[in-house]
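Data first, discussion second: the structure below is written as structure tokens.
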Amino acid sequence: LNPTMNIQPGTISELPYVNNNDTAIDKLVNVNIRLSKSDWDAFEISWDFQKSPLLTQNVASLHQAYDSWSDEALTRFNQLKSNEEELNRIFINLYGLQDELTPEEDDKEVSVRKADQVRDIKAFLSYFIGCVFGRYSLDQDGLVYAGGDWDDSKYTTFKPNKENIILLTDRQYFDDDRDIIVRLKEFLTKTFDPETLTENMDFIAQTLEPKKFERGTSAEDIIRTYFLNDFYKDHAKIYQKRPIYWEFNSGRNKGFKALMYLHRYNTEQLPMVRHYLHELQPAMNDLIEVDQNLLDQETMASAKSKYRKAIATLNKQMNEIMKYDRILDHLSQNPVDLDLDDGVLVNHDKLQQGEKLLSKL
């Protein structure tokens, strides 16, 4: 009828269509659309995303929330598959294709997703980061802030970080909102029964690194390492290398890493990042002294080796930070305005002005 890519209404009208006025088809199609939209809206790249689906289950712990979400997703998956197979039967009968086709579908052909523990817990952590920066709020569904006038009254249960910065460190240096684990624990106590905090941290860690967790690595260390090494990569992949959270990165030794939310950026951002860096330096020096004292008191060779390694790492990070500080100082002298309409790629380059300030897209 038409061998080209250009399909006209006349071509469609010539297709052999059997109309039996069966309202069952309309009902099944409408249900399938609703099921598919519900699945799509459960993930934050949807315009109609409301909140993490793990926070819609009304249960005490994160593990229970995931189990409930898993059951919900499986029910949706099975319903869509059953509906599509019923539609197949209807059209096979209408067109007399019983000898050519079967109504059954493989699971891989069903377009909605079953639960995936690793993916869904990482998505939960991404939602947490969104709440840290005020993109989302525990007090209001949907996208709360993506530029424009900031309204602090929209955040009561869980306050976003005031300076639009959260540090990513391999060890805990601060006991306040500069530290990502401190904020995560606060978030978990606001979203689930506070009595389940340890259980929730363990569930996240076991999901991210089951082997390390089984070998005795602490939940905090596993989660901290994920944010330090992998969160930004996962975020950039989900947003197809157009991330909305940008990562300040001093280099391979990971002396300084921090996240900021692009839509909250202003010309005071880089001086503020530099202020955070200056607060981190004495904290790292203090930790070097602590490790050195422990090394001096230690008698076991294996423990001595561990402390020496930790001190060497901290010294490398300190040297890296000093070089990074010069970059921040230089860029802070001529702060740039970003225009969100220019897109992520242009703004990412514009902010750095030829320096290695941010992690690559």
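The values are calculated or read from the model by the stated rules, or taken from the named source; none is laboratory data. If you're wondering where the values come from, they're calculated on a predicted model, not measured in any experiment. Cβ atoms come from the backbone with ideal geometry, glycine included; neighbour counts cover every protein chain shown. The accessibility values were calculated without ligands, DNA or RNA, using every heavy atom of the protein model including side chains. Shrake-Rupley method; radii C 1.70, N 1.55, O 1.52, S 1.80 Å.
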Does Ser302 fit the bill of being of a type in the set (Ser, Thr, Tyr) and closer than 13 Å to Gly251 by Cα?
-> no
Pairs returned, first residue in the stretch 134-145 that is within 16 Å of Asn161 (Cα to Cα), second residue that is open to solvent by 20 Å² or more (accessible area, probe 1.4 Å) and of a type in the set (Phe, Trp, Tyr), beta-carbon separation under 8 angstrom, 6 or more apart or interchain, are Gly134/Tyr145; Gly134/Trp150; Arg135/Tyr145
Of the residues in the stretch 171-200, those that are out of contact with any Leu (no Cβ under 7 Å at 6 or more places or on another chain), closer than 28 Å to Leu280 by Cα and either open to solvent by less than 40 Å² (accessible area, probe 1.4 Å) or part of a helix (DSSP H, G or I) (or both) come to Phe174, Ile181, Val182, Arg183, Leu184, Glu186, Phe187, Thr198
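Here's the yes/no breakdown for (1) among the small types (Gly, Ala, Ser); (2) within 30 Å of Ile204 (Cα to Cα); (3) under 37 Å from the mean Cα position of the chain (by Cα):
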{"position": "Ile12", "(1), (2), (3)": "no, no, no"}
{"position": "Val31", "(1), (2), (3)": "no, no, yes"}
{"position": "Asp39", "(1), (2), (3)": "no, yes, yes"}
{"position": "Leu74", "(1), (2), (3)": "no, yes, yes"}
{"position": "Ser82", "(1), (2), (3)": "yes, no, yes"}
{"position": "Tyr95", "(1), (2), (3)": "no, no, no"}
{"position": "Asp99", "(1), (2), (3)": "no, no, no"}
{"position": "Thr102", "(1), (2), (3)": "no, no, no"}
{"position": "Val110", "(1), (2), (3)": "no, yes, yes"}
Any residue at all in the stretch 188-204 that is among the basic types (Lys, Arg) and at pLDDT below 95?
-> no
Scanning the stretch 146-168 for residues that are in contact with a helix residue (DSSP H, G or I) (Cβ under 7 Å, 6 or more places away or on another chain) and open to solvent by 10 Å² or more (accessible area, probe 1.4 Å), which turns out nearest to Val182 (Cα to Cα)?
-> Pro160
A careful count of residues in the stretch 207-232 that are part of a helix (DSSP H, G or I) and among the acidic types (Asp, Glu) gives 3
Among what's in the stretch 81-103 and is buried (at least 16 other Cβ atoms within 10 Å of the Cβ) and of a type in the set (S, T, N, Q), pick the residue that is nearest to Pro53 (Cα to Cα).
-> Asn83
Name every residue in the stretch 205-224 that is open to solvent by 60 Å² or more (accessible area, probe 1.4 Å) and among the polar types (S, T, N, Q), in order of residue number.
-> Gln206
Which residue, of Asp116, Asp106, Asp141, is among the acidic types (Asp, Glu), surrounded by fewer than 22 Cβ atoms within 10 Å (Cβ to Cβ) and closer than 25 Å to Val182 by Cα?
-> Asp141
When the stretch 151-167 is examined, which residues are found to be of a type outside the set (Lys, Arg) and part of a loop (DSSP other than H, G, I, E, B)?
-> Asp151, Tyr155, Thr156, Thr157, Phe158, Pro160, Asn161, Glu163, Asn164, Ile165
Counted residues, the stretch 57-80 - those being open to solvent by 50 Å² or more (accessible area, probe 1.4 Å) and more than 24 Å from Thr196 (Cβ to Cβ) = 3
What number goes with the only condition from (1) under 30 Å from Val336 (Cβ atoms); (2) in contact with an Asp or Glu (Cβ under 7 Å, 6 or more places away or on another chain) that Tyr265 does not pass?
-> (2)
In this structure, does Asn20 turn out to be in contact (Cβ under 8 Å) with a residue 40 or more places away in the chain, polar (S, T, N, Q) and touching a helix residue (DSSP H, G or I) at 6+ places or on another chain (Cβ under 6 Å)?
-> no
Pairing a residue in the stretch 44-68 that is at negative phi and at pLDDT below 95 with any residue that is among the hydroxyl-bearing types (Ser, Thr, Tyr) and surrounded by 15 or more Cβ atoms within 10 Å (Cβ to Cβ), where Cβ atoms lie under 6 Å and the two sit 6 or more apart in sequence or on different chains, gives Gln57/Ser68
Filtering the stretch 240-256 down to residues that are over 12 Å from His348 (Cβ atoms) and open to solvent by 40 Å² or more (accessible area, probe 1.4 Å) yields Gln240, Arg252, Asn253, Lys254
